[in-house]
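Undergrad: One structure follows; several queries about it will come next.
The values are calculated or read from the model by the stated rules, or taken from the named source; none is laboratory data. Bear in mind the structure is a predicted one, so any value in this text is a computation, not a measurement. Note that we place each Cβ from the backbone using ideal geometry, even for glycine, and neighbour counts take in every protein chain shown.
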Amino acid sequence: MTPTEANAPVLKLQDIHKMFSGITAIENFSLEVHPGEIVALVGDNGAGKSTLIKIISGVHSPTSGTISIEGETVTMSNATMARSHGIEVVYQDLALADQQSVYMNMFLGREPVNGFGLLDRRRMIAETDKLVKELDVRIPSAHATIRDLSGGQRQGVAIARATHWASKLILLDEPTAALGVAETAKVEEIVLSLKRRNIGVLIISHSLDQVFRLSDRICVLRRGKQIGVRETAKTDKNEIIAMITGLQQQ
Amino acid sequence: MSSANTSAVGQGLANRFNLQQYVVYLGFLAIFLFFAVVLKDSGFLTVRNLSNIVLQTAPATIMAIGLVFVMSAGEIDLSIGSTVAVAALAAAVTLGQYGLVAGVLAGLGAGLLIGLINGALVAYVKLPSFLVTLATLGLFAGVSRSMTDLRSIPVTDSVFTGFFGSGVFLGIPSLIWWTAIAVAIGHIIYRETRFGAHVLATGDNARAASVSGISVPRIRLAVMAISGTLAGLAGLLYAGRLQAAKYTLGETDLMTVIAAVIVGGTLLNGGRGSIIGALVGSLMMGMLNNGLILMGLSVSDQMIVRGLIILAAVAVSLREKSR
């Protein structure tokens, strides 16, 4: 699914520059993510991927440059603001409360209440059941405690949570780094199913195989510099590896 | 809790790790049956004795409710041991000079203030609650001693002593009312409100809570404030029941309260707990005290038995956590 011109990008980064106490972490980074598009962010350790994710999710603000969401320039000073713009992050550590139920985690920090100000468990459970079924995350029940789930199931819950709340963009930070083969396949299926919901996805992954399976475009970072963006269908692993390592400039 | 649509698998999972949640009820039953048999000629089973147990445990139960919130958020409050005395003395002194309402407000206010001091140091200065409240435990023990130069202050206001101590309303002693109301409100806030859910999330995974938009420092401040205020209320109940306030009030309660909360199924490291469990845990500790006295054990033997029970409770709690 190639983005058309009519599709306004859900996320547009323009000339993003980030300095940490005099040291440049990111320079001149520009990228667009369109609805229903999966963009992979690749680069070696320390290339600045995590810094970028933090900038997009509102944890850091850029030193210069603009972030626009659906054409509107936004300034975000914390993660809550990013969420209110429809951006959700699936962190590498998943940010799940292990001893709470799946449904409480789905609504963590945003629990619905009834007219008496009491938790609306029925609604949380019903919405969790519905979403878990739609995304085919195979968990025993919405009541299951997170710590009793497998790594893949936890990742599924974290992605389901992001999907429930993200209206525009989901950032995935190494979603399958800790998973086995079968579980990775399952999580990749879920990520691909996000396209049908017309949500933009920005995924960080160290696995080039995975990047080529999932993404529409690939953006390469090296030492804080944007090396280039390629359409996945029109490039190959050798070119991307060369861009990541810098052994052969394009 | 609605469990109507819990699947069979969910039920199986639920059954597996609830040993620690139910251990308090089994323990309570076992100790009750033991005393009922052993002490059947010593008056253990009389209504008077059993209701006495509930009356005597009322302050500890109230403190335990506060501690469930604190421990569920992954913190601890040791200062409740001396907050009780400060609050009781503040209430007694103010009561004598400015009347009933001022006295009650002074007692609760003293507890709230101590809780806010603890909470601010934990939440915003980011000091470990164990160290902060260990320090304030000692600090306010000193304050309570200096407040009245170790003297006991009599509480003669009959409205106060009736309301917080020996009174009876609708045939039920006021201390039982206080226990029931505090447990009911505490349970609802803990289990059924967003605040309760945020307390649990904070103790479970503070980072996850934080990135989910929960203000972790505010939760930490709030639980310490709740604990302080409830310790203040416990001070009022002591002053009402004993018709006097003294610096020794609540001095020996700390260990009992912590034991009640842990036995009651609240994890030391946060994320899981139970108000009802803490109530039963507190009643169990009170029953144990009562039974051991009726059995004729010396104070030192009672302390040893209580210590052993706390050890067993902590062992179960930690085993569950590391599973």
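Undergrad: Against the condition touching a strand residue (DSSP E or B) at 6+ places or on another chain (Cβ under 9 Å), buried (at least 24 other Cβ atoms within 10 Å of the Cβ) and within 15 Å of B:GLY250 (Cα to Cα), how does B:ALA88 come out, does it pass?
TA: Details: touching a strand residue (DSSP E or B) at 6+ places or on another chain (Cβ under 9 Å): yes; buried (at least 24 other Cβ atoms within 10 Å of the Cβ): yes; within 15 Å of B:GLY250 (Cα to Cα): yes.
So B:ALA88 fits the description; yes.
Undergrad: Across the stretch B:114-154, what is the number of residues that are part of a helix (DSSP H, G or I) and under 15 Å from B:VAL70 (Cβ atoms)?
TA: The initial filter retains those residues of the stretch B:114-154 that are part of a helix (DSSP H, G or I), namely B:114-123, B:129-147.
Right, trim to under 15 Å from B:VAL70 (Cβ atoms) and you get B:114-123, B:129-134, B:136-137.
Adding up the residues that qualify gives 18.
Undergrad: Here's something else I'd like to know. I'd like the residue in the stretch A:50-91 that is part of a loop (DSSP other than H, G, I, E, B), hydroxyl-bearing (Ser, Thr, Tyr) and within 14 Å of another protein chain (Cβ to nearest Cβ) and, out of all such residues, is surrounded by the fewest Cβ atoms within 10 Å (Cβ to Cβ).
TA: Looking at residues that are part of a loop (DSSP other than H, G, I, E, B), hydroxyl-bearing (Ser, Thr, Tyr) and within 14 Å of another protein chain (Cβ to nearest Cβ), I get A:SER77.
Undergrad: Hey, could you check the stretch B:35-48 for residues that are in contact (Cβ under 8 Å) with a residue 24 or more places away in the chain and not in a loop (DSSP other than H, G, I, E, B) and say which is farthest from the chain's Cα centre (by Cα)?
TA: Going residue by residue through the stretch B:35-48, those that are in contact (Cβ under 8 Å) with a residue 24 or more places away in the chain are B:35, B:38-39, B:42-44.
So of that shortlist, the ones also not in a loop (DSSP other than H, G, I, E, B) come out as B:35, B:38.
Values: B:PHE35: 24, B:VAL38: 29 Å.
Among residues in the stretch B:35-48 that are in contact (Cβ under 8 Å) with a residue 24 or more places away in the chain and not in a loop (DSSP other than H, G, I, E, B), the one farthest from the chain's Cα centre (by Cα) is B:VAL38.
Undergrad: Can you tell me how many residues within the stretch A:112-146 are touching a residue at least 12 places away in the same chain (Cβ under 8 Å), more than 27 Å from A:ALA185 (Cα to Cα) and either more than 10 Å from every other protein chain (Cβ to nearest Cβ) or outside any loop (DSSP other than H, G, I, E, B) (or both)?
TA: Summing the residues that are touching a residue at least 12 places away in the same chain (Cβ under 8 Å), more than 27 Å from A:ALA185 (Cα to Cα) and either more than 10 Å from every other protein chain (Cβ to nearest Cβ) or outside any loop (DSSP other than H, G, I, E, B) (or both) in the stretch A:112-146 gives 2.
Undergrad: Picking from B:ARG218, B:ARG207, which residue would you name as being within 14 Å of chain A (Cβ to nearest Cβ), surrounded by fewer than 24 Cβ atoms within 10 Å (Cβ to Cβ), in contact (Cβ under 8 Å) with a residue 60 or more places away in the chain and among the basic types (Lys, Arg)? Working first, answer last.
TA: Working: B:ARG207 fails: in contact (Cβ under 8 Å) with a residue 60 or more places away in the chain.
Matching residue, one of B:ARG218, B:ARG207: B:ARG218.
Undergrad: Residues to consider are B:ILE176, B:ILE185; find the one that is free of Cβ contacts under 8 Å to residues at least 24 places away in the same chain, among the β-branched types (Val, Ile, Thr) and either more than 21 Å from B:MET63 (Cα to Cα) or assigned to a helix (DSSP H, G or I) (or both).
TA: On the way: B:ILE176 fails: free of Cβ contacts under 8 Å to residues at least 24 places away in the same chain.
Of B:ILE176, B:ILE185, the one residue that is free of Cβ contacts under 8 Å to residues at least 24 places away in the same chain, among the β-branched types (Val, Ile, Thr) and either more than 21 Å from B:MET63 (Cα to Cα) or assigned to a helix (DSSP H, G or I) (or both) is B:ILE185.
Undergrad: I would also like to ask the following. Any residue at all in the stretch B:251-273 that is within 29 Å of B:SER51 (Cα to Cα), crowded, with 22+ Cβ neighbours inside 10 Å and either free of Cβ contacts under 8 Å to residues at least 40 places away in the same chain or among the aromatic types (Phe, Trp, Tyr) (or both)?
TA: No; the residues of the stretch B:251-273 include none that is within 29 Å of B:SER51 (Cα to Cα), crowded, with 22+ Cβ neighbours inside 10 Å and either free of Cβ contacts under 8 Å to residues at least 40 places away in the same chain or among the aromatic types (Phe, Trp, Tyr) (or both).
Undergrad: Return the residue satisfying two criteria in turn: it lies in the stretch B:156-168 and is under 14 Å from B:LEU55 (Cβ atoms) and of a type outside the set (Gly, Ala, Ser), and of such residues it is surrounded by the fewest Cβ atoms within 10 Å (Cβ to Cβ).
TA: Among those that are under 14 Å from B:LEU55 (Cβ atoms) and of a type outside the set (Gly, Ala, Ser), it is B:VAL168.
Undergrad: Can you name the residue in the stretch A:92-104 that is part of a loop (DSSP other than H, G, I, E, B) and more than 7 Å from chain B (Cβ to nearest Cβ) and, of all such residues, is nearest to A:GLU174 (Cα to Cα)? Walk me through how you get there before you give the answer.
TA: Our first condition is that a residue be part of a loop (DSSP other than H, G, I, E, B); within the stretch A:92-104, this holds for A:92-100.
Among the residues that remain, those that are also more than 7 Å from chain B (Cβ to nearest Cβ) are: A:92-94.
On the way: A:GLN92: 6, A:ASP93: 9, A:LEU94: 10 Å.
For the stretch A:92-104, the residue satisfying everything is A:GLN92.
Undergrad: If you don't mind, another one. Looking at A:VAL10 and the list (1) loosely packed, with under 15 Cβ neighbours inside 10 Å; (2) out of contact with any Phe, Trp or Tyr (no Cβ under 9 Å at 6 or more places or on another chain), which single condition is not satisfied?
TA: Every condition holds for A:VAL10 apart from (1).
Undergrad: Tally up the residues in the stretch B:219-253 that are among the hydroxyl-bearing types (Ser, Thr, Tyr) and at pLDDT below 95, please. Explain how you work it out, then say what you get.
TA: If we filter the stretch B:219-253 for residues that are among the hydroxyl-bearing types (Ser, Thr, Tyr), which is where we start, we get B:227, B:229, B:238, B:247-248, B:252.
From what is left, the residues that are at pLDDT below 95 are B:238, B:247-248, B:252.
Within the stretch B:219-253, residues that are among the hydroxyl-bearing types (Ser, Thr, Tyr) and at pLDDT below 95 number 4.
Undergrad: Which of the helices (runs of 4 or more DSSP H) contained wholly in the stretch B:202-295 include at least 1 residues that are out of contact with any Ser or Thr (no Cβ under 9 Å at 6 or more places or on another chain) and of a type in the set (Lys, Arg)?
TA: Per the criteria, B:206-211, B:216-242.
Undergrad: Considering only the stretch A:155-205, state which residues are under 24 Å from A:ILE240 (Cα atoms), touching a residue at least 40 places away in the same chain (Cβ under 8 Å) and not in a strand (DSSP E or B).
TA: Once the filter is applied, which keeps residues that are under 24 Å from A:ILE240 (Cα atoms), touching a residue at least 40 places away in the same chain (Cβ under 8 Å) and not in a strand (DSSP E or B), the stretch A:155-205 yields A:GLU174, A:PRO175, A:ALA177, A:GLU189, A:VAL191, A:LEU192, A:LYS195, A:SER205.
Undergrad: Another one. Is it fair to say A:GLY109 is in a loop (DSSP other than H, G, I, E, B), of a type outside the set (A, V, I, L, M) and on the phi > 0 side of the Ramachandran plot? Walk me through how you get there before you give the answer.
TA: Details: in a loop (DSSP other than H, G, I, E, B): yes; of a type outside the set (A, V, I, L, M): yes; on the phi > 0 side of the Ramachandran plot: yes.
So A:GLY109 fits the description; yes.
Undergrad: Take the stretch A:62-86 and flag every residue that is farther than 20 Å from A:GLU32 by Cβ and out of contact with any helix residue (DSSP H, G or I) (no Cβ under 6 Å at 6 or more places or on another chain). Let's see the steps before the verdict.
TA: Residues of the stretch A:62-86 that are farther than 20 Å from A:GLU32 by Cβ, as a first pass: A:63, A:77-81, A:83-84.
Residues satisfying the conditions are A:THR63, A:SER77, A:ASN78, A:THR80, A:MET81, A:ARG83, A:SER84.
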